[in-house]
Every structure is written in structure tokens, then in C-alpha cells.
1. Find the residue count for the range 49-63, including only residues that are part of a loop (DSSP other than H, G, I, E, B), in contact (Cβ under 8 Å) with a residue 60 or more places away in the chain and open to solvent by 10 Å² or more (accessible area, probe 1.4 Å).
2. For Ala104, work out the one condition from (1) surrounded by 19 or more Cβ atoms within 10 Å (Cβ to Cβ); (2) out of contact with any Lys or Arg (no Cβ under 8 Å at 6 or more places or on another chain) it doesn't fulfil.
3. Counting just the residues of the range 74-91 that are touching a helix residue (DSSP H, G or I) at 6+ places or on another chain (Cβ under 8 Å) and part of a loop (DSSP other than H, G, I, E, B), which one comes out least open to solvent (accessible area, probe 1.4 Å)?
4. So, in the range 16-28, of the ones that are open to solvent by less than 70 Å² (accessible area, probe 1.4 Å) and within 18 Å of Phe67 (Cβ to Cβ), which residue ends up modelled with the lowest pLDDT?
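The values are calculated or read from the model by the stated rules, or taken from the named source; none is laboratory data. A quick note: this is a predicted structure, and the numbers were derived from the prediction, not measured. Please note: Cβ atoms are built from the backbone with ideal geometry, for glycine as well, and neighbour counts cover all protein chains shown. All accessible areas refer to the heavy atoms of the entire protein, side chains included, with ligands and DNA or RNA removed. Shrake-Rupley method; radii C 1.70, N 1.55, O 1.52, S 1.80 Å.
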Amino acid sequence: MFKYSSILAVASALLFSGVTKAGLSGCPQNLAIQLTNVFQIGQISFQYSNCEKDNAGNGYVAGIANFCTGTGDAWDVVQAYHKITGGNDEFTALDDVLAERAEASSGSTSGLSEFCPIWQSLATNQKFWSAQGTVFE
């Protein structure tokens, strides 16, 4: 078990430290992503609909890379989705709160009660998949 958890930890560190952007692509990057998914969510496939409150104080974590409302990368996904949809979409009502949380690096979920339901409702939306992929890359 130690051997496998060590491999997963290394893959996760590579993936989320930016090394994959600089050094891995194609098949090796895909393997690192799949290993990270197994470590984080117990599956190799992307979970576009995953959304839950984070116990580590990062607000909500969601999507293929556990984008966080408290660190701002969930806001990055929403902004990428706005660019695709023209800006008037399901998340528009949450823009001010998401921007505020991102700016303050706040893990507060106050004012975001509709965040996960909206995120999950877009789980099969190809435009939303694209937005997540854009930020993830």
C-alpha cells in the first residue's frame, strides 16, 4: 500500500505543481491525471459534476481538478464559461460573491448556496466541460 500511495502522491505533486504544464504532455500527462483522480476521487475518469464543501477551508471544491472557490480557480472556470456563453448564464447571479472570495482568498461559502447545484446541473454541458479544461490546462 505504501508503494501505491507514494506513486499517487508523486503524480499529484507533479500534476498540481505545474510540472505537467512544463514537462508532461500526451500519454504521460494523461496517466498523471488519472492517477491523481484515483487518489482524489477514487476513479480514473474526470468528475465534471463533483462539487462539495472543502473541510480544509477552501470553500467549495468542484470539477475535474477540485477547483476551489476560496483560491479563485473556480472563479477562473466560471469566467471561462462566461466567455463561451457570452456572460449571461447560470453563474451570473454568483459573480460578485465568487469574485470577492477569489480576491480575498476566502474559504467562506456564505452567499454561495446555489454554487454546487448550478455546477452539478452543468455536468453534461460541453461548453462547461470546455471551460473546466481551459482552466485545467
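1. Quick first cut of the range 49-63, residues part of a loop (DSSP other than H, G, I, E, B) only: 49-50, 54-59, 63.
Narrowing further to those that are in contact (Cβ under 8 Å) with a residue 60 or more places away in the chain: 49, 63.
Now drop any that are not open to solvent by 10 Å² or more (accessible area, probe 1.4 Å), which leaves 49.
Matching residues across the range 49-63 total 1.
2. (1)
3. By that ranking, first place goes to Phe91.
4. Thr20
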